[in-house]
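As structure tokens, the structure follows; a few thoughts come after it.
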Amino acid sequence: MFLALRELAYSKLRYIMVGLIIFLLSFLVLFVSGLAQGLANDNAAAIQNMENEAEYFVIDEEAELQLTRSLIDDEDQQIVNNHVDDTQILGVHQGTIQDEEESITDITKFFVDPDSNLYPEVTEGELPSEGHEVLANESIQEDGYAVGDEFLEDTTEEIFTISGFTSNQTYSHTPVLYVTEEGWQEMSGSDPGSDDDELLASALVLPEISEETVNDLNNELGDGEVVTIQESLSGIPGYSEEQGSLWMMIVFLFIISAFVLAAFFYVITIQKLTQFGILKAIGANVSELARAILVQVVIISVTSVAVGIGATYLVAALLPVGMPFMLPVTMVALLAGLFIVVAILGSLLSLYKVKKVDALEAIGGMEA
Amino acid sequence: MTAKLVMENIGMKFGEGSGKTTVLDDVNLSIDTGEFVAITGPSGSGKSTLLSIAGALLTPTRGRLLLNGENVSTLSPKESTAMRLHNIGFIFQSAHLIPYLRVEDQLLYIGKIAKLPKQQAKKRAHERLAMLGLTHRKRHYPANLSGGERQRVAIARAWMNDPELLLADEPTASLDASRGQEVVETLAKQVKEQQKAAVMVTHDTRLFDLCDRVITLSDGKIEQSMKEMVST
Ligand SMILES: Nc1ncnc2c1ncn2[C@@H]1O[C@H](COP(=O)(O)OP(=O)(O)OP(=O)(O)O)[C@@H](O)[C@H]1O
Ligand SMILES: [Mg+2]
């Protein structure tokens, strides 16, 4: 601490510049991560939420993980029910709605049993009580809808009413409308109340089950296959592409940071080699010098990353409302920790150099 | 009397193969407790090299080195660092201060790595700085000192840990004659009073009076070793 702090105070400008670089890099990493998370959420929140209550989906093998293309037939449903007790039918359908002024909004219709724990909470208004009522995600308010508003549904060409709002339920960047059993039957083309009132299932939602059961199901099912909910996310249109490119940026930022910091610390250490040699000659041992360097690196990087976190949240607060941005505290902690680890790794090369410096050689022969 | 420093058949060669140069050739030397010895000789005769070997900064190609009765040749690098810290005070040919430490901190740092209690270190740093007339400069950085002042700080620093053996390479080179005389007098007095030992490389014949012995080095050999009578 003795050396570390005094040198930071003496060479302020130099270390402020290093700090500035770390600040900018960490800000960029945090900001891009926030966007990645925000987009992921905007794209897949309705499915991600299900992960809290369930573990697996049974999806049509040929749908390539796209719920909207998947259909589980009665036979497969029967097989699943023979193995697992607590399954839920999930219906997913993408479409459009029109308001009175004929303005069109993209939406996704979901069907889940209102009594199951997959069904979201009402944040405003009420649960649908009649067939032609829906519980809509609140983001549809941006398109001018309020509780009690009516709209024209595209598959049935019937008028539906929004009975209430829920929050954080989006699919493929569109608001999700939770429809009633009756509504779902109409939309899937069967006649509610008739004999043929089987519910159309895009997927079956399964709780946590054993590896064995998963294998058994995969062997017995005709068209269906068991996938984890996490795996199914990549089937949401655009999800893999968005997340892939953003996370690649983040990984590259980390790699760049590691090299930039290593180069910075290395140059600074090389400039100070004579000093380290003198310190060794007067009796400072390597571990003391290493500690001085590490203390400096930790002080600079922790301060800069902290400022980076502050700046990220500040900029996030100034973003326009519709911009998807989400940065959970756990994510920030993870990235900040990783950044500090990268900074320390970057200084390892310097530590090696300090270990190697010869007290006498650094003093410049005996002259200079 | 016990010897603080013993050099037996010390030889030093630099380089490899045909470019090999012999800098020191069979040097035998013994410095006793309470002794203050001057080394002189022409430039390039190996004085600094001899001092670096004596201070365990440089390993000789040949011979045996005893510090305080301990064989230094067998120490690990870590042990010889600790040995330097606790037993040897160095004054280099140029001051070699740490640029980002204030004068006072230059000394306190030595106290810190030697794990001296804080109060004691402060007190001692004060004494050393007063002894060298630097009290009014203790808050200065090396960059803001004159060459002579820097050299005096280096001396104070070498003296900080109460070393058994003080090794000084032309410590008075950048001091004016009277200041140089004064500094060396202080060194000599300390060595006597505290029963330490000191070796000083110097070209300044006026300082020889203050030394117990003057060793002349020439071409890596001890040419003559004369005893001076010192009136105390
Ligand atoms: N690392 C080294 N490699 C090769 N030769 C060296 C090395 N260090 C010193 N020498 C040589 O050893 C000889 C003695 O050097 P040294 O510095 O001991 O002389 P000196 O007596 O202190 O001279 P001065 O009075 O000029 O300081 C010189 O010829 C120098 O070139
Ligand atoms: Mg010399």
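The values are calculated or read from the model by the stated rules, or taken from the named source; none is laboratory data. Bear in mind the structure is a predicted one, so any value in this text is a computation, not a measurement. Note that we place each Cβ from the backbone using ideal geometry, even for glycine, and neighbour counts take in every protein chain shown. All accessible areas refer to the heavy atoms of the entire protein, side chains included, with ligands and DNA or RNA removed. Shrake-Rupley method; radii C 1.70, N 1.55, O 1.52, S 1.80 Å.
A compact table of results
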{"quantity": "Solvent-accessible area buried by pairing B with A, both sides, nearest 100 square angstrom, 1.4 angstrom probe", "calculated": "2500"}
{"quantity": "Longest exposed-site-free window of chain B, the sites being GluC sites (Glu not before Pro) in a DSSP loop that have at most 16 other C-beta atoms within 10 Å", "calculated": "B:17-227"}
{"quantity": "Protein-protein interface of segment B:74-104, residues with accessible area decrease of at least 40 Å², isolated chain reference, 1.4 Å probe", "calculated": "B:T81, B:R84, B:F92, B:Q93, B:H96, B:I98, B:P99, B:Y100"}
{"quantity": "Of A:K280/B:K221; A:K280/B:K20; A:K355/B:K112; A:K353/B:K78; B:K138/B:K192, those spanning more than 23 Å from alpha-carbon to alpha-carbon", "calculated": "A:K280/B:K221; A:K280/B:K20; B:K138/B:K192"}
{"quantity": "Sequence-separation-based contact order of chain B, relative, with Cα cut under 8 Å and 6+ spacing, percent", "calculated": "28"}
{"quantity": "Inter-centroid distance (Cα atoms) of segment A:78-102 relative to segment A:295-363, Å", "calculated": "45"}
{"quantity": "Probe 1.4 Å, all protein chains present, accessible-area order of B:R152, A:R14, largest first", "calculated": "A:R14, B:R152"}
{"quantity": "Peptide ranges A:128-139, B:83-94 listed from the most packed, as the mean C-beta count within 10 angstrom indicates", "calculated": "B:83-94, A:128-139"}
{"quantity": "Within a Gaussian network of chain A (alpha carbon springs, distance under 10 Å), most fluctuating of A:S202, A:S103, A:S26", "calculated": "A:S103"}
{"quantity": "FRET efficiency estimate (nearest 0.05) - Cβ-Cβ, B:Q194 to B:K13, R0 45 angstrom", "calculated": "0.80"}
{"quantity": "Within the protein assembly as shown, percent of DSSP bridges classed antiparallel, to nearest 5", "calculated": "70"}
{"quantity": "DSSP H segments from chain A that extend 15 Å or more along their own axis, Cα-based, with Kyte-Doolittle mean of 0.5 or above", "calculated": "A:12-50, A:239-271, A:286-318, A:329-356"}
{"quantity": "Gap separating the Cα centres of segment B:1-73 and segment B:107-134, nearest whole Å", "calculated": "30"}
{"quantity": "Percent accessible area from carbon and sulfur atoms, the protein assembly as shown, protein chains only, probe 1.4 Å", "calculated": "53"}
{"quantity": "Spin-label model distance (nm) - A:T68 vs A:L318, 7 Å beyond Cα toward Cβ", "calculated": "3.6"}
{"quantity": "Percent RCO, i.e. relative contact order, over chain A, from Cα pairs under 8 Å lying at least 6 residues apart", "calculated": "28"}
{"quantity": "A:D99-A:V329 FRET efficiency (beta carbon distance; Förster radius 56 Å; 0.05 resolution)", "calculated": "0.90"}
{"quantity": "Sequence-distant aspartates and glutamates (8 or more away, or on other chains) whose Cα lies within less than 13 Å of B:K4", "calculated": "B:D32, B:E35, B:E70, B:E164"}
{"quantity": "Around B:V103: net Lys/Arg minus Asp/Glu count, Cβ-Cβ under 10 Å", "calculated": "+4"}
{"quantity": "Solvent-accessible area per residue, Å², over chain A with all protein chains present [probe radius 1.4 Å]", "calculated": "47"}
{"quantity": "Length gained when the stretch A:Q141-A:F2 is fully extended (0.36 nm per residue, less Cα-Cα span)", "calculated": "44.1 nm"}
{"quantity": "Of B:V191, B:V199, B:V27, the one that fluctuates the most in a GNM where chain B has Cα springs shorter than 10 Å", "calculated": "B:V27"}
{"quantity": "Label point distance in nm, A:M248-A:N81, each placed 7 Å from Cα along Cα→Cβ", "calculated": "4.6"}
{"quantity": "Candidates A:P114, A:P328, A:P237, ranked by Gaussian network fluctuation over chain A, Cα under 10 Å, top entry", "calculated": "A:P328"}
{"quantity": "Simple spin-label estimate for A:Y352 and A:T155 in nanometres, 7 Å along Cα-Cβ", "calculated": "6.2"}
